[in-house]
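K.L.:
Before I ask anything, let me first share the structure, which is written out below as structure tokens.
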Amino acid sequence: MLRIMGRLTARWIVRIGIPTLGLAIAAVVVLGSSTASTVARRLSTPTVRLTRYSLVNGCYALSSRAGGQPLASADGPFRMQAAALGIYLLYGPSGDYLIDQGAGELGTASVAGPTAEWQVSGSSRRGFTITDLATGSALPVSFLASSGCATYPEAGVDATGTPFTGASPEADVLGTVEGHAHVTAFELFGGDWHCGRPWSPFGAPYALPASCSADEQGTNGEVESFVDFGGATRPSKMHGWPTFVDWPSPTALAEEGDYYTGIERAWKAGLRIMVTNLVDNEALCSLMTTRTNPCNDMSSVRIQSRDLYALQDYIDAQSGGPGKGWFRIVTNPFQARRVINEGKLAVIEGIEVSRIFGCGEVNGVPQCNEAQIDAGLKEIHDLGVRTFFPIHEFNNAFGGTKMISGDLGVLINAGNREETGSFWNLQPCSADEQDAEQLSFPATGALAQLLNGSAAKLLGGSPVPIYGSGPQCNTQGLTNLGAYVIEQMIKQHFIIQLDHMDSKTASAALSIAQDEHYSGVVSAHCCSSPQLFSRIYATGGFISEPVAPAPGFVAIEKQDKAESSPKYHFGFGYGSDMNGLAEQPGPSAPSISYPFKSYLGNVTFTEEQWGERSFNLNTDGVANYGMYADWLHAVQLAGGPSVMADMFQGAESYLEMWERAYGVPAMSCQPASEQFTGTGLGRTLRLGDGTEAALYRAGQPLARPGRSYRYCVAGRSAAAISVFDARGRVAMVASTGRGDRADGIGTGARAGRLVRHDRKLVAGVWAGPRLRDGARFVYGVRGGRVDFVAVAAASEWRSAARMRSDLRAAEL
């Protein structure tokens, strides 16, 4: 028997039969008289057409699908909190969870867990069934809209308004670019070192735990104290949900900063591209006392890739079903453009590990070959990865690393010895090519304690090397296998990450890309080679600098823009490296005021609220990813309209770089004096082409306003224009360039030459005779002269409204 107990005086008892698991189940509902009448009203209300996904966040009472009578617990009605797609926590008004206690008995629990997860199947038409994932017990139910549900505890977004969308799927995009994030870094160093995660099926209280003690055992805690506090003891008051004392913060590097509602806040402020890298370090993983995941870079890549898609599904679940979320993993620039113009965040999956494909090196001997590289490239492409670092923190089979300075750099150098058999081999070099400024000090204090204790295995009994003073460069350089992997990345359209390569290696890799006229090269965060930036820009690449307090970041943006190439649209991004052992900007000028509006004015932001703590940029800095909305506002105050225009041009610039990496010709003018035919203009602008085919045929346009591509015309102050229909096919091609003619008539011709043509559409617009396939020429007249010439497909002649719409889209 299944028994459901209430807390009120027993006045109403009903017996209902529910045929499930082969049993007739008796439900005893104990309610007050006022509650009974309320339930009766609910039962008489027509059920709204629901799906298993649209239940999310709703407030519902449950009734037996067999008898139509209430199926309630002491804490009903329930808030439907999505744990995954189609899976819910049924959260009662007293803050507890409906569970199946086994042996046919329902009950409640004060904490969430597997027994609180219920899978919903069916539909309003066929009826719903909820199944407890832990016990397998199934209950046929109906969901009745209700009120009085508790609000599920969650970290706030604290932004009101509608995020902006694009004019059409093929239009220019707006938005900022995050070039280097680590959303899945909670799996770092074996999965038991980082405290917290960007989501949990059970929400923020479980993803951002009150205590991090489970991740501080043995060496895990020693490395965390070294990274977060320079070896000092972790503050005893440090606490997560709901008080968040001392974390998250700009310097809490071992604790979660990328909780998904924070990313949502940044998206609402204008973030439209996020490159998130699957990251790990085998040597540091090997030090951990406790770990769940293997210390193998490629194993970690596979685990974290699954995590990223699981996060996408989780956000879909919060948004009402598959594909409905704002977080979309993309695998090519054309898909990314459509996603951004839908108003969503395009997420690009990257990799940042030292032994990608297992391609380490030991004592100068590579640990892989070309066949292994080929197999690895196929595997990561199948995972959805489209960019990666050939080299990370250790020398490998591809080339040399750019060293990290300071105490952490010494620890990484010890890891390099563990992984490769030797420490970094450095030599003095010029300051503009240096790979590290200062590596000459001996290990002291907390670093010495770590290297003499739990990390001693990394040294292998050798002393920490002392290098000469002044600029130092890695002597490794690009290997033959390194050249091979760069060439294969180009052939397969991967975006090449140059950061973390030593200067010698990066310069050689960039030379290969330049020789191939390949734009898909980026510098996205720290450990870059700034002396190469002008070459990166010249080949059509993209740069997103490490974040800094707003005034400093504005200065960096202006400096980089001065090195950019006029051949390409300039846009700028930032690389937060959050969750990747990088400190975030702290409080600084300019001070911002709350509430504030987004750059485009469509969203209003108040202070971000997580549990009992609110975050203010002026006092907390960029404490978690959500504060990048606030930081961007500070950049606006510090840099003004010109800097913000470059920031919001970032997404378009990045996509254009990526298109060129896919083989789309770079922006150039269309030939002058071309002939219109029934199929288009010349050889490049063709009716019927889809958006991608149009790009490959004609190259990148000067602009993509609305549903059109606009090209310059060589030697003319004019435009050639392709206009797309609702199916994304070119429906009209037009030109204002002198010399472009249709049936012998071109721009500048006297209007009197049009009298022999079929008809005058409206004042100033004439239609030519019908051509093969039903297309027609169109002529615009102004001041007695032909002002533009066009050809429109047969489909566009079916209504005057469609033709007028096309002409407006062409801005004619």
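The values are calculated or read from the model by the stated rules, or taken from the named source; none is laboratory data. What you are looking at is a predicted structure, and each value in this text was computed from that prediction instead of being measured. So basically every Cβ, Gly included, is an ideal-geometry build from the backbone, and we count neighbours across all protein chains shown. Surface accessibility is based on the protein's heavy atoms, side chains included, excluding ligands, DNA and RNA. Shrake-Rupley method; radii C 1.70, N 1.55, O 1.52, S 1.80 Å.
K.L.:
What number of residues within the range 346-378 are open to solvent by 10 Å² or more (accessible area, probe 1.4 Å) and within 21 Å of the chain's Cα centre (by Cα)?
P.N.:
Qualifying residue count for the region: 0.
K.L.:
Among the residues of the range 261-281, count how many are in contact with a helix residue (DSSP H, G or I) (Cβ under 6 Å, 6 or more places away or on another chain) and either farther than 17 Å from V622 by Cβ or hydroxyl-bearing (S, T, Y) (or both).
P.N.:
Here the count works out to 5.
K.L.:
Return the only residue of M667, M657, M732 being modelled with pLDDT of 95 or more, part of a strand (DSSP E or B) and either open to solvent by less than 10 Å² (accessible area, probe 1.4 Å) or under 30 Å from G270 (Cα atoms) (or both).
P.N.:
M732
K.L.:
Collect the residues in the range 284-330 that are surrounded by fewer than 20 Cβ atoms within 10 Å (Cβ to Cβ), among the small types (G, A, S) and assigned to a loop (DSSP other than H, G, I, E, B), keeping them in residue-number order.
P.N.:
If the condition is that a residue be surrounded by fewer than 20 Cβ atoms within 10 Å (Cβ to Cβ), among the small types (G, A, S) and assigned to a loop (DSSP other than H, G, I, E, B), then S286, G320, G321, G323 are the ones that fit.
K.L.:
With the requirement that a residue be charged (D, E, K, R), exposed (fewer than 15 other Cβ atoms within 10 Å of the Cβ) and in a helix (DSSP H, G or I), what does the range 757-812 give you?
P.N.:
Scanning the range 757-812 gives R772, D773, R804, R808.
K.L.:
Looking only at the range 216-233, count how many residues are in contact (Cβ under 8 Å) with a residue 12 or more places away in the chain and more than 23 Å from T292 (Cα to Cα).
P.N.:
Matching residues across the range 216-233 total 3.
K.L.:
I'd like to verify a number: residues in the range 624-643 that are crowded, with 21+ Cβ neighbours inside 10 Å, farther than 12 Å from Y599 by Cβ and aliphatic (A, V, I, L, M), how many?
P.N.:
Qualifying residue count for the region: 1.
K.L.:
Being among the polar types (S, T, N, Q) and either touching a helix residue (DSSP H, G or I) at 6+ places or on another chain (Cβ under 8 Å) or farther than 22 Å from A310 by Cα (or both) is the filter here; which residues of the range 365-388 pass it?
P.N.:
Passing the criteria: Q367, N369, Q372.
This table checks each residue for (1) of a type in the set (S, T, Y); (2) surrounded by 19 or more Cβ atoms within 10 Å (Cβ to Cβ).
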{"residue": "A150", "(1), (2)": "no, no"}
{"residue": "P153", "(1), (2)": "no, no"}
{"residue": "T160", "(1), (2)": "yes, no"}
{"residue": "P169", "(1), (2)": "no, no"}
{"residue": "L188", "(1), (2)": "no, yes"}
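K.L.:
Which helices (runs of 4 or more DSSP H) does the range 447-560 wholly contain that include 2 or more residues that are open to solvent by 20 Å² or more (accessible area, probe 1.4 Å) and either in contact with a helix residue (DSSP H, G or I) (Cβ under 7 Å, 6 or more places away or on another chain) or aromatic (F, W, Y) (or both)?
P.N.:
480-491, 503-515
K.L.:
Take the conditions buried (at least 20 other Cβ atoms within 10 Å of the Cβ), closer than 16 Å to Y206 by Cβ, in contact with a Phe, Trp or Tyr (Cβ under 8 Å, 6 or more places away or on another chain) and not basic (K, R) and apply them to A109. Does it pass?
P.N.:
no
K.L.:
Among the residues of the range 696-729, what is the count of those that are part of a loop (DSSP other than H, G, I, E, B), out of contact with any Leu (no Cβ under 9 Å at 6 or more places or on another chain) and open to solvent by less than 10 Å² (accessible area, probe 1.4 Å)?
P.N.:
Result for the range 696-729: 3.
K.L.:
Within the bounds of the range 203-221, is there any residue that is open to solvent by 20 Å² or more (accessible area, probe 1.4 Å), among the aromatic types (F, W, Y) and assigned to a helix (DSSP H, G or I)?
P.N.:
There is at least one residue in the range 203-221 that is open to solvent by 20 Å² or more (accessible area, probe 1.4 Å), among the aromatic types (F, W, Y) and assigned to a helix (DSSP H, G or I).
K.L.:
Within the range 561-593, how many residues turn out to be under 30 Å from F189 (Cβ atoms), among the acidic types (D, E) and surrounded by fewer than 22 Cβ atoms within 10 Å (Cβ to Cβ)?
P.N.:
1
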